[in-house]
Amino acid sequence: MTDLDYMRRAIALAKQGLGWTNPNPLVGCVIVKNGEIVAEGYHEKIGGWHAERNAILHCKEDLFGATAYVTLEPCCHHGRTPPCSDLLIERGIKKVFIGSSDPNPLVAGQGASQLRQAGVEVVEGLLKEECDALNPIFFHYIQTKRPYVLMKYAMTADGKIATSSGESKWITGELARARVQQTRHQYSAIMVGVDTVLADNPMLNSRMPNAKQPVRIVCDSQLRTPLDCQLVQTAKEYRTVIATVSDDLQKIEQFRPLGVEVLVCKARNKRVDLQDLLQKLGEMQIDSLLLEGGSSLNFSALESGIVNRVHCYIAPKLVGGKQAKTPIGGEGIQQIDQAVKLILKSTELIGEDILLDYVVISHL
Ligand SMILES: NC(=O)c1ccc[n+]([C@@H]2O[C@H](COP(=O)([O-])OP(=O)(O)OC[C@H]3O[C@@H](n4cnc5c(N)ncnc54)[C@H](OP(=O)(O)O)[C@@H]3O)[C@@H](O)[C@H]2O)c1
């Protein structure tokens, strides 16, 4: 096996933490001695040991002179657990390959330099692109203290997210819907507009077995969410937040005994100011937000400049209808050069549907 193979193995290990480490990163570590993998580990869950510590402390072999492959620069500060750089040095690791640098201001190059100062040979940037792709959420949250936002929608091949009567169940097939359940497990929160609650009465939980459940958020300026809808009725089981600009205490007090948290935000055009909401969610340690629309809220999110990524599912169906909603409604823009610009990261055929994965590179 080559250095690249060992780092690929570390990346595969890191992915096993998907959904459980937020707001921490996904990290994997492989330790090799005399051409053999002698230790492996990954960051399994928030509050748990880091990848390097998991690999080293589960290994009975003497690691003196070994080489470590870590997908993210080892930490050098006391956080929820002691620094990993100290442990690597203590165990006599001779060489460390690092995939991504850690932009956390508490690390930011110091992990690597601490290893070098102790005489460890450090090689940075091995499979950097693949390692960076593990942690867009962590990199964004640690630098901005706001959630990374993925806008996801499912549309027909004629660009509709619902029929003209508002029906949207189901546009995509079973396999694509199962993929969305995985994404819900990976994100800390999921958000819809109140009109989607009124049209679909959704649950917004992850139905994947053993999933971590996202916090469910409804943007509802005037507290129109019905008390008997599924979200409210299951709020004691799944954390549920209504973001509003209403100061109607009587209405607010109706939600609280049912377990719903009401978050009063600043208003923008009499609706929830999404920038203010994101600030508040960041303070609640919510590092990632899956925006599932509908049409009006999606446009506001783009207009507010909060969207980082787009998942567009396209189903092989045509529904027509002038009144049928498209993924992005609102006012729209007047000139094409004002468009939000995207970079296509991948296309994937999932069953009979297509998933387009885009990164947002310019805002309105
Ligand atoms: N296929 C899909 O992927 C998909 C996904 C989701 C929804 N849908 C469909 O989309 C339709 C609903 O879409 P929609 O456009 O009618 O409604 P929506 O975007 O779900 O909700 C819009 C409502 O959210 C409230 N809101 C609060 N803050 C807002 C803000 N900053 N910006 C915009 N809205 C804000 C507003 O009501 P207040 O002013 O009262 O607060 C607004 O009327 C349904 O038919 C649903 O089935 C399809």
Around Val38, which amide H atoms from residues at least 5 apart in sequence, or from another chain, sit under 5 Å from its own amide H, with H modelled in the peptide plane? Ile31, Val32, Lys33
Note down the net charge around Phe97, summing +1 for each Lys or Arg and -1 for each Asp or Glu among other residues with Cβ under 9 Å from its Cβ. -1
Amide H neighbours of Leu72 under 5 Å, counting only residues 5+ apart in sequence or on other chains, H built in-plane at 1.01 Å? Gly28, Gly99, Ser100
In whole angstrom, how far apart do the alpha carbon centroids of region 227-260 and region 319-364 sit? 32
Using each residue's phi in region 130-142, evaluate 6.51 cos²θ - 1.76 cosθ + 1.60 at θ = phi - 60° and report the 3J(HN,Hα) Karplus result to the nearest Hz, with x for Gly and Pro. 5, 5, 4, 5, 6, 10, x, 5, 4, 4, 5, 5, 5
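For region 169-269, run through the GluC sites (Glu not before Pro) and keep only the ones in DSSP coil with at most 11 other Cβ atoms within 10 Å of their Cβ. It would help to have the intermediate numbers written out before the result.
On the way: sites: Glu174, Glu237, Glu253, Glu261; in loops: Glu237.
Here the GluC sites (Glu not before Pro) that fit, given the DSSP loop and packing criteria, are Glu237.
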What are the residues whose amide H is under 5 Å from the amide H of Val272, where those residues sit 5 or more places off or on another chain and H is modelled from the backbone? Ser221
From the backbone phi of region 219-231, what are the Karplus-calculated ³J(HN,Hα) couplings (6.51 cos²θ - 1.76 cosθ + 1.60, θ = phi - 60°) in whole Hz, Gly and Pro given as x? 8, 9, 4, 10, 6, 8, 4, x, 5, 9, 6, 4, 4
Charges on Cβ only, +1 for Lys and Arg, -1 for Asp and Glu, centred on the Cα centroid of the chain; of Gln275, Ser221, Gln254, which one is farthest towards the dipole's positive end? Gln254
Going from the alpha-carbon gyration tensor of region 136-226, what semi-axes, largest first and in whole Å, does one get by taking the root of 5 times each eigenvalue? 23, 18, 14
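Tally the DSSP beta bridges in the chain and give the antiparallel ones as a percent, rounded to 5. Don't skip to the answer; put the middle values down first.
On the way: 27 of 63 bridges.
Expressed as a percentage, antiparallel bridges in the chain total about 45.
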For the chain, the Kirkwood Rh over every pair of distinct alpha carbons, in Å, works out to 22.1
Whole-Hz couplings from phi, Karplus 6.51/-1.76/1.60, listed for region 315-325; x for Gly and Pro: 9, x, 9, 10, 10, x, x, 4, 7, 5, 6
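Which net charge results when you count Lys and Arg as +1 and Asp and Glu as -1 among the other residues whose beta-carbon is under 10 Å from that of Ser246?
Numbers: positive: Arg224, Lys251; negative: Asp220, Asp247, Asp248.
Computed value for this residue: -1.
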Around Gln110, under 15 Å between beta carbons, what's the net of Lys plus Arg minus Asp minus Glu among the other residues? -3
Where the only charges are on Cβ atoms (+1 Lys, Arg; -1 Asp, Glu), what is the dipole of region 1-110 about its Cα centre, to the nearest 20 debye? 140
Cα-based Rg then Dmax for region 57-118, in Å, read 11.3, 34
With both partners inside region 1-77, how many of the DSSP beta bridges are antiparallel, as a percent to the nearest 5? 100
Nearest-20 debye value, region 223-294 charge dipole, Cβ charges on Lys, Arg, Asp, Glu: 200
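Only Lys, Arg, Asp and Glu count, each charged at its Cβ (+1, +1, -1, -1), so figure out the dipole size of the chain about its Cα centre, rounded to 20 debye. It would help to have the intermediate numbers written out before the result.
Working: 40 positive and 41 negative charges, 102 e Å.
So the magnitude is around 500 debye.
So how do 66-72, 341-347, 201-207 stack up, highest first, on mean other-Cβ count within 10 Å? Before the final figure, lay out each step's value.
On the way: 66-72: 27.9, 341-347: 11.3, 201-207: 17.7.
For the peptides 66-72, 341-347, 201-207, the packing ranking is 66-72, 201-207, 341-347.
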Going through the cross-link list Lys169/Lys212; Lys60/Lys94; Lys128/Lys152; Lys45/Lys212, which pairs have a Cα-Cα distance over 21 Å in this structure? Lys169/Lys212; Lys128/Lys152
Per-residue [θ]222 nm for the chain (sum of -39500 (n - 2.57) over DSSP H runs n ≥ 4, rounded to 500): -7500 deg cm²/dmol
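Read-outs throughout are calculated quantities, based only on the coordinates presented, and are distinct from any laboratory measurement. Since the structure is predicted, the reported quantities are computational estimates derived from the model, not experimental observations. Quick reminder, even Gly has a Cβ in these numbers, built from the backbone with ideal geometry, and neighbours come from all protein chains shown.
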